[in-house]
Amino acid sequence: MDFGFSEQQRDVQNLAREILGEQVTPEKLAQYDRYQAPRFDRELWAQIAQAGLLGVAIDEQYGGMGFGFFEAGLIAEEVGRNIAPLPYISHCISAALPIQQFGSDEQKARLLPGAVSGDVLLTAALMEANNEDPTQPLLCRAQASAEGVQISGEKLCVPFAEQADHILLAAAGEAGPVVVLLQAGMPGLSLESMEVSTYEPQYRLTLNDVSVSSDNVLASGDQAAALLKQLSETTTAALCAHQLGAADKAMRMTASYTAERQQFGVPIATFQAVGHRAANCFIDVECLRLNCYQAISRLDDGVESSVEVQIAKVWAGDVGHRVSYAAQHLHGGTGIDRDYPLWRYCTWLRHNEMMLGGSARNLAALGEKIAAGEAFCA
């Protein structure tokens, strides 16, 4: 049995790797440091849209390639490998895919062609203060109105909210969650910039009786609950893929550096302690790769994937932490020099680790499931 990538998957991965590898350079990334400019390369965004990569998992009738979530996950990995200044996960995974699966024909026809072409930018508001479960909104409340629903509340760390044309948002309704599409500049919707360690544009959304018409209600009740479960798992898996790409690049940068850096007249890679440390990084990255691909492939097949996604979260958090630490250690003082690109990868690895939640907590939750007979790990 062949467990390798299909030809179309290799083509998608190679295309993303070629474009991002050529266009994302340390010099270009430096212009976003310390919020000198919004961390969004619109020219690169247009280029990957022209290459069809924004629509890799969108049906052909809406201008997409008609592939699946696995191909989209491979692109997320390449975005992480280059820490590209793009809203790929928030746009393609967190917003476009739920619209395709749960939206009405009118909503899909109105939004997806523009999302594929890059003319329409989407994002999703998933985080609330002191609430780590995006499937159970607590601080945003929705009440039925004559036009549709009225929403009040607050969301945190919404990526690219100021640049987005539409924001997917979940609120707690009277009969379960409600998922809506907010339009930019709606009355009662205000944005406040939040500063994060990666310099990615993120915002606090405050909603004060924002009126959402019925044609912008994406799902409610049981359908909204199903949407949020899938949205949470696909976004998490894509973030794990991003972490995989960043960890793999940091590991390879370290291997290259230790092969060139000399001490006592020989490359430090020949020292046993250095070689063992680098080898452990390689093993870590490959274990993350296997667990990440397992979660993505099951999501792509539409089968139950909660346990696999949680396992990938644990590996992504732990591997990102260990690889970042080892890379800094093996680089010595060079690793923290801001003129050398490693620090950006270490920052993103830590950021992703925190976004995924503490690995100890995820591992404890997984252990409770196994003990209760709700999960099985071979």
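The values are calculated or read from the model by the stated rules, or taken from the named source; none is laboratory data. From a predicted model like this one, the values you see are computed outputs, not experimental measurements. Cβ sites come from the backbone with ideal geometry, for glycine too, and all protein chains shown count toward neighbours. What goes into the accessible areas is simple: the full protein's heavy atoms, side chains included, and nothing from ligands, DNA or RNA. Shrake-Rupley method; radii C 1.70, N 1.55, O 1.52, S 1.80 Å.
Descriptive notes on the structure:
- Counting only aspartates and glutamates at least 8 places from residue 369 when in the same chain, those with an alpha carbon closer than 19 Å to its own are 132, 133, 233, 304, 308.
- Mean residue ellipticity at 222 nm, helices only, the chain: -16500 deg cm²/dmol; runs of at least 4 DSSP H residues each add -39,500 (n - 2.57), and the sum is divided by the number of residues.
- Rolled with a 1.4 Å probe across the full set of protein chains, the surface gives residue 39 an accessible area near 10 Å².
- Chymotrypsin sites (Phe, Trp or Tyr not before Pro) restricted to the range 57-147 and DSSP loop, no more than 14 other C-beta within 10 Å: none
- Taking the Cα centre of the chain as reference, the dipole from Cβ charges on Lys and Arg (+1) and Asp and Glu (-1) amounts to some 1120 debye.
- One quarter of the surface of the convex hull around the alpha-carbon atoms of the range 183-341 equals 12.9 nm², the direction-averaged projected area.
- Considering only 57, 329, 136, the residue lying farthest towards the positive end of the dipole of the chain is 329, judged by Cα position with unit charges set on Cβ.
- For the range 63-110, the average shadow cast by the Cα convex hull is 3.7 nm², which is a quarter of the hull's surface.
- For residue 219, the residues 5 or more places off, or on other chains, whose built amide H falls under 5 Å of its own are 179.
- Annotation: the chain has a Kirkwood hydrodynamic radius of 21.5 angstrom, from the mean reciprocal C-alpha pair distance.
- For the range 142-228, alpha-carbon Rg over 2.2 N^0.38 Å: 1.09
- Rel. contact order, % - alpha carbon contacts under 8 angstrom, at least six apart, the range 264-378: 25 percent
- Here the dipole of the range 33-123 is about 280 debye; that uses its Cα centre as origin and unit charges on the Cβ of Lys and Arg (positive) and Asp and Glu (negative).
- The alpha-carbon positions of the range 106-176 define a convex hull whose volume is 114 Å³ per residue.
- Shown here for the range 57-139: GluC sites (Glu not before Pro) in loop regions (DSSP other than H, G, I, E, B) with at most 10 other Cβ atoms within 10 Å, namely 132.
- Solvent-accessible ranking of 286, 174, largest area first, probe 1.4 Å: 174, 286
- Rel. contact order, % - alpha carbon contacts under 8 angstrom, at least six apart, the chain: 14 percent
- Simple point charges give the picture: +1 on the Cβ of Lys and Arg, -1 on the Cβ of Asp and Glu, and for the range 88-166 a dipole about the Cα centre of about 80 debye.
- Farthest toward positive dipole pole in the chain [+1 Lys/Arg, -1 Asp/Glu at C-beta], among 90, 186, 364: 364
- Sites residue 130 and residue 369 - FRET efficiency at Förster radius 35 Å, r taken between beta-carbons, to 0.05: 0.90
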